[in-house]
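The values are calculated or read from the model by the stated rules, or taken from the named source; none is laboratory data. Keep in mind that what you see is a predicted model, and the values were worked out from it rather than measured. When we count neighbours, we look across all protein chains shown, and the Cβ atoms used for this are built from the backbone with ideal geometry, even at glycine.
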Amino acid sequence: MESVGVGLLGLGTVGSAVAARLIEEWDLLGERAGATPVLRCAAVRDTSRTREVDLKNVRVLDDAQAVVDDPGVSIVIEAIGGSDPATALIESALRAGKSVVTANKAVIAVSGPRLADVAAANHAGLYFEAAVGAGLPIVSLLSTSLLGDRITGLDCVINGTTNVILTKMRAGKLTFDAALSDAQARGFAEADPTLDVDGWDAAHKLVILSWLAMGMHIETGSVDRAGIRGVGAEDVRALDQLGYRVRLVAHAERARSGRVRLSVRPTAVGARHLLGDVDDADNAVIISSDLASRVMLRGLGAGGASTASAVVSDVVNAVRDRSSPRGHAPRAAQTAALLDDEDVDVAGYVRLRLTPASEGRDLVLQALEDRGLAVDAAVELPNAGLIVLTGTAPRAVHERAMETLDTLTAVEEIECTLDRVEA
């Protein structure tokens with residue numbers, strides 16, 4: 001059977017799992033691909049380090065560019081992470097006519113459309129299934145299916161780390177810090193969890209999904225982003241009693257005007273919502289379109305093995321496509337105007353601490369009504385606490401209402417605000 005040379009950049013958790021699968025299951029992969037992908041060489045920082053995976057006849061180098069330039073390599077797997085030097089190495093491989101498989105969501109979110117153009121111009125393929133949802137095949141779904149639909153919205157739980165933390169906060173009745181420490185101890189969170197808990201990881205993935213689904217490319221900095229650090233144990237417990245789960249929800253919508261909005265925010269999700277029971281490391285993506293209505297894809301979205309599954313699957317597709325590389329053939333990226341806060345409707349959850357005044361609750365509720373923000377429910381808490389579930393209104397109305405509450409002498413502090421969705 002014909003063989004196709006593969007070069008691997010990085011032998012971390014994902015890279016090692018990918019290498020092991022390529023080495024140990026070469027016959028299975030060759031049968032499925034029509035030619036055998038053979039791992040020729042791998043690049044690492046430290047060539048003297050002992051590896052758990054038996055690399056057998058694989059050459060291990062400390063020069064990533066040498067792997068890219070190797071004439072025996074037709075497919076390059078980028079598994080080093082980060083933007084630099086990953087972007088340059090991917091581009092170098094594509095310009096040499098070599099297909100690239102990557103799990104690097106930061107690179108694809110920022111440079112995906114440009115790299116796709118480079119790939120097309122050099123008869124190469126760019127594959128990035130593992131960049132969103134690990135083993136969840138959402139990239140392939142959006143690249144090959146629903147092409148006759150106008151996709152109008154995405155609602156996603158696409159960061160496993162924050163979902164693990166929020167699930168533990170509820171089920172284990174832990175504080176954010178304790179749940180984060182637990183997630184780090186179990187390998188679900190990095191030593192530096194900033195990209196996950198502050199919403200950057202989810203924002204990168206949402207940018208990629210919206211590009212594939214709607215043909216538009218939005219800069220990550222234009223995503224309305226808030227992380228989960230401000231979600232307290234009190235909020236998780238109170239919302240649990242009210243029938244809600246807290247999720248870091250990534251949302252994209254396109255209005256009839258063609259303007260778009262991308263947001264990543266901690267959100268109180270109603271029990272009847274499709275994202276309501278997506279716990280732990282599960283990911284889920286709900287696609288809203290004009291013909292198919294709603295389509296949901298759900299599965300394990302975190303972990304080295306799940307990510308390696310998507311990477312190896314892309315390698316098989318790259319081998320299959322070797323005579324006519326396609327990659328994920330994303331829609332051409334277009335410039336889109338952004339919706340502003342006056343045009344985006346949301347419902348909300350607010351937890352306040354009142355000053356010791358008997359009329360504080362009534363003053364707060366009246367101030368919200370005066371600002372045009374309906375009150376769906378209000379729950380008094382011990383120690384002068386108050387929870388308010390606000391009705392649907394433009395986000396700008398919510399923001400102005402919070403500014404008003406902040407000026408009331410009856411309000412000591414606005415302790416937490418979240419978006420809220422029902423079914």
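Provide a single number: the residues in region 285-300 that are buried (at least 16 other Cβ atoms within 10 Å of the Cβ) and farther than 13 Å from residue 141 by Cβ.
Residues in region 285-300 being buried (at least 16 other Cβ atoms within 10 Å of the Cβ) and farther than 13 Å from residue 141 by Cβ: 2 in total.
Could you tell me whether any residue of region 199-209 is at positive phi and within 18 Å of the chain's Cα centre (by Cα)?
Within region 199-209, one or more residues are at positive phi and within 18 Å of the chain's Cα centre (by Cα).
Just to check your reading of the model, which residue among 37, 85 is in contact with a helix residue (DSSP H, G or I) (Cβ under 8 Å, 6 or more places away or on another chain) and more than 30 Å from residue 199 (Cα to Cα)?
37
For region 185-239: of the residues being polar (S, T, N, Q), over 27 Å from residue 272 (Cα atoms) and in contact (Cβ under 8 Å) with a residue 40 or more places away in the chain, which is surrounded by the fewest Cβ atoms within 10 Å (Cβ to Cβ)? So that I can check it myself, show each step before the final result.
Filtering region 185-239 down to residues polar (S, T, N, Q) leaves 194, 210, 220, 222.
Now narrow it down to the ones that are over 27 Å from residue 272 (Cα atoms): 194, 220, 222.
Narrowing further to those that are in contact (Cβ under 8 Å) with a residue 40 or more places away in the chain: 220, 222.
Values: 220: 17, 222: 14.
Only one residue tops the list, namely 222.
Within region 341-382, can you find the residues that are closer than 30 Å to residue 147 by Cβ and in a loop (DSSP other than H, G, I, E, B)?
Across region 341-382, the qualifying residue is only 344.
Can we say residue 351 is at pLDDT 95 or above and of a type in the set (Lys, Arg)?
yes
Out of the residues in region 89-114 that are over 15 Å from residue 219 (Cα atoms) and among the hydrophobic types (A, V, I, L, M, F, W, C), state the one that is nearest to the chain's Cα centre (by Cα).
Only one residue fits best here, namely 103.
Counting residues that are in contact with a Gly (Cβ under 9 Å, 6 or more places away or on another chain) and closer than 26 Å to residue 200 by Cβ, which helices (runs of 4 or more DSSP H) fully inside region 1-86 reach at least 2?
Values: elements: 13-24, 26-33, 64-69.
Answer list for region 1-86: 13-24.
Can you name the residue in region 145-176 that is out of contact with any helix residue (DSSP H, G or I) (no Cβ under 8 Å at 6 or more places or on another chain) and under 19 Å from residue 244 (Cβ atoms) and, of all such residues, is surrounded by the fewest Cβ atoms within 10 Å (Cβ to Cβ)?
So the residue we want is 171.
Yes/no matrix, rows are residues, columns are (1) among the β-branched types (Val, Ile, Thr); (2) modelled with pLDDT under 90:
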| residue | (1), (2) |
| --- | --- |
| 300 | no, yes |
| 307 | yes, yes |
| 322 | no, yes |
| 335 | yes, yes |
| 346 | yes, no |
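Report the residue count in region 258-287 for those that are in a loop (DSSP other than H, G, I, E, B), out of contact with any helix residue (DSSP H, G or I) (no Cβ under 6 Å at 6 or more places or on another chain) and among the aliphatic types (A, V, I, L, M).
Qualifying residue count for the region: 4.
Looking at region 31-43, can you tell me whether even one residue there is in contact with a strand residue (DSSP E or B) (Cβ under 9 Å, 6 or more places away or on another chain), modelled with pLDDT under 95, over 21 Å from residue 310 (Cα atoms) and not assigned by TED's automatic domain parsing to the domain that holds residue 204?
No, region 31-43 contains no residue that is in contact with a strand residue (DSSP E or B) (Cβ under 9 Å, 6 or more places away or on another chain), modelled with pLDDT under 95, over 21 Å from residue 310 (Cα atoms) and not assigned by TED's automatic domain parsing to the domain that holds residue 204.
Would region 152-170 turn up any residue that is more than 13 Å from the chain's Cα centre (by Cα), within 25 Å of residue 277 (Cβ to Cβ) and assigned to a strand (DSSP E or B)?
Initially, region 152-170 is screened for residues more than 13 Å from the chain's Cα centre (by Cα), giving 152-153, 164-170.
Pick out the ones that are also within 25 Å of residue 277 (Cβ to Cβ) and you get 152-153, 164-170.
Filter again for assigned to a strand (DSSP E or B), leaving 152-153.
Scanning region 152-170 turns up at least one residue that is more than 13 Å from the chain's Cα centre (by Cα), within 25 Å of residue 277 (Cβ to Cβ) and assigned to a strand (DSSP E or B).
Which of (1) among the basic types (Lys, Arg); (2) farther than 30 Å from residue 30 by Cα; (3) part of a loop (DSSP other than H, G, I, E, B) does residue 326 not meet, given it meets every other one?
Residue 326 satisfies every listed condition except (2).
Scan region 45-79 residue by residue and report those that are touching a residue at least 60 places away in the same chain (Cβ under 8 Å) and touching a Lys or Arg at 6+ places or on another chain (Cβ under 9 Å). If you could, list the steps in order and put the result at the bottom.
Step one: list which residues in region 45-79 are touching a residue at least 60 places away in the same chain (Cβ under 8 Å), which gives 67-68, 70, 72-79.
If the condition is that a residue be touching a residue at least 60 places away in the same chain (Cβ under 8 Å) and touching a Lys or Arg at 6+ places or on another chain (Cβ under 9 Å), then 67, 68, 70, 72, 73, 74, 75, 76 are the ones that fit.
So which residues in region 376-394 are among the charged types (D, E, K, R) and modelled with pLDDT of 95 or more, if there are any at all?
376 - this is the single residue of region 376-394 that is among the charged types (D, E, K, R) and modelled with pLDDT of 95 or more.
Residue-by-condition table, conditions (1) in the same structural domain as residue 175 (by TED's automatic domain parsing); (2) out of contact with any strand residue (DSSP E or B) (no Cβ under 6 Å at 6 or more places or on another chain); (3) at pLDDT below 90:
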{"residue": "221", "(1), (2), (3)": "yes, yes, no"}
{"residue": "226", "(1), (2), (3)": "yes, no, no"}
{"residue": "229", "(1), (2), (3)": "yes, yes, no"}
{"residue": "234", "(1), (2), (3)": "yes, yes, no"}
{"residue": "255", "(1), (2), (3)": "yes, yes, yes"}
{"residue": "262", "(1), (2), (3)": "yes, no, no"}
{"residue": "266", "(1), (2), (3)": "yes, no, no"}
{"residue": "278", "(1), (2), (3)": "yes, no, no"}
{"residue": "295", "(1), (2), (3)": "yes, no, no"}
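This table checks each residue for (1) assigned by TED's automatic domain parsing to the domain that holds residue 229; (2) in contact (Cβ under 8 Å) with a residue 40 or more places away in the chain; (3) surrounded by fewer than 18 Cβ atoms within 10 Å (Cβ to Cβ).
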| site | (1), (2), (3) |
| --- | --- |
| 357 | no, yes, yes |
| 364 | no, yes, no |
| 369 | no, no, yes |
| 374 | no, no, yes |
| 381 | no, yes, yes |
| 389 | no, yes, no |
| 412 | no, yes, yes |
